[in-house]
Amino acid sequence: MEPILEVTNLSKNFGGLAAVSGINMKIDKGQLVGLIGPNGAGKTTFFNLLTGVYEPSEGLIELNVDNKKKQIGGMKPYKITELGLARTFQNIRLFKSMTVLENVKLAMHKNAGYGLPSALLRTSKYYNAERWIEEKACEYLQEVGLYRKRNELATNLPYGEQRRLEIARALATEPVILFLDEPAAGMNPQETEDLTQLIYHLRDKYKLTIVLIEHDMSLVMNLCEHIFVLNYGQLIAHGTPEEIKNNEFVIKAYLGEEI
Ligand SMILES: Nc1ncnc2c1ncn2[C@@H]1O[C@H](COP(=O)(O)OP(=O)(O)OP(=O)(O)O)[C@@H](O)[C@H]1O
Ligand SMILES: [Mg+2]
């Protein structure tokens, strides 16, 4: 089977700093993948390269969807979203003064299939599209357990729920690959356990490939089938959770912290 995503010699320099350096990675379709590494290792920068926030200094990012291969390195973020990559952010990015439902609906408008003229004229096409958007948005909110809270302001949700709302927004773009940047940050143990179940469920229901950055090692080791480890911008190891736990380079990178 061909990988759904293949990264070759990917690098990003900020001035003299090699934040991401010569990364090679293959990700199989449907896999649950972990990306770990100490603070400042380059994990978020790597996501930013894959999702078009930054242009690579060097290297290739090849997406393979429906047997069509595309180089996506350096493409605009909205183009990359259209091709099926979606993400959440380490620092939550929601429209805080909008409701939970509005936040999801906004993420969907690109797929609505009607233009501004019909929106202005309030044609039946517009109304149909609006109804469809509303129904789909509610479906995604149900998936992440936030349907009941759909009319609350995003800013009033507890932290853990804001993170799940970000996941609903990402789902609303109908991705094939979902990138989650520290989805369990700020969650209590029960919320983290619920998140684990949610990630399994979403992978199966929407046939997703999921890549997640996490510092919560028990979450990563329980959930992920394959783990990549970054340190100072370089890939120092990859393998199964068992292989990673026992890898001497990984243990050294974490300076004896429990993995
Ligand atoms: N836009 C930028 N300009 C300059 N330096 C940057 C920029 N973005 C990231 N860096 C630097 O690149 C390095 C990698 O940062 P990055 O945020 O990717 O790490 P990380 O692995 O996600 O860390 P954390 O676990 O703390 O989130 C850091 O030294 C950071 O200061
Ligand atoms: Mg980060």
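Since every read-out is calculated from the coordinates, none of them should be taken as a lab result. Note that the coordinates shown come from a computational prediction; the quantities given were computed from them, not determined experimentally. Backbone-built Cβ (ideal geometry, glycine too); neighbour counts: all protein chains shown.
Please give the calculated 222 nm ellipticity per residue for the chain, where each DSSP H segment of at least 4 residues contributes -39500 (n - 2.57) and the sum is spread over every residue; nearest 500 deg cm²/dmol?
Values: 10 runs with 99 residues, N = 259.
Theoretical 222 nm ellipticity from helices: -11000 deg cm²/dmol.
Taking only the alpha-carbon atoms of segment 181-248, what semi-axes of the equivalent ellipsoid follow from 5 times the gyration tensor eigenvalues under a square root, in whole Å, largest first? Spell out each step's value before the answer.
Working: eigenvalues 94, 41, 26 Å².
Value: 22, 14, 11 Å, ordered largest first.
In a Gaussian network model over the chain where Cα atoms closer than 10 Å are linked, find which of Asp181, Asp66, Asp194 has the largest mean-square fluctuation.
It is Asp66.
What does the extension gain come out to for Asn39 and Gln90, with contour length at 0.36 nm per residue minus their alpha carbon separation?
Working: separation 51, 0.36 × 51 = 18.36 nm, distance 1.24 nm.
Net length gain for the segment: 17.1 nm.
Based only on other Cβ atoms within 10 Å, what is the fewest-to-most ordering of Cys138, Cys224? Provide the component values of the computation, followed by the final result.
Numbers: Cys138 16, Cys224 23.
If I rank by nearby Cβ atoms, fewest first, I get Cys138, Cys224.
What is the spin-label model distance, in nm, from Asn128 to Ile236 if the labels are put 7 Å beyond Cα along the C-beta direction?
5.7
Inverting the mean 1/r over all pairs of different Cα atoms, compute the Kirkwood radius of the chain and quote it in Å.
Numbers: mean 1/r = 0.0521 Å⁻¹.
Roughly 19.2 Å, rounded to one decimal.
Please report, in whole Å, how far the alpha carbons of segment 125-259 spread along each principal axis, starting with the longest.
Between the extreme Cα coordinates on each principal axis of segment 125-259 lie 59, 28, 24 Å.
Going down the table (Lys12/Lys68; Lys76/Lys105; Lys105/Lys136; Lys105/Lys149; Lys29/Lys70; Lys125/Lys207), which pairs top 18 Å between alpha carbons? Please report the intermediate quantities before stating the final value.
On the way: Lys12/Lys68 26 Å; Lys76/Lys105 22 Å; Lys105/Lys136 8 Å; Lys105/Lys149 14 Å; Lys29/Lys70 15 Å; Lys125/Lys207 30 Å.
With Cα atoms farther than 18 Å apart: Lys12/Lys68; Lys76/Lys105; Lys125/Lys207.
For segment 125-259, what relative contact order do you get, as a whole percent, if you take Cα pairs closer than 8 Å and at least 6 residues apart?
Here the relative contact order equals 16 percent.
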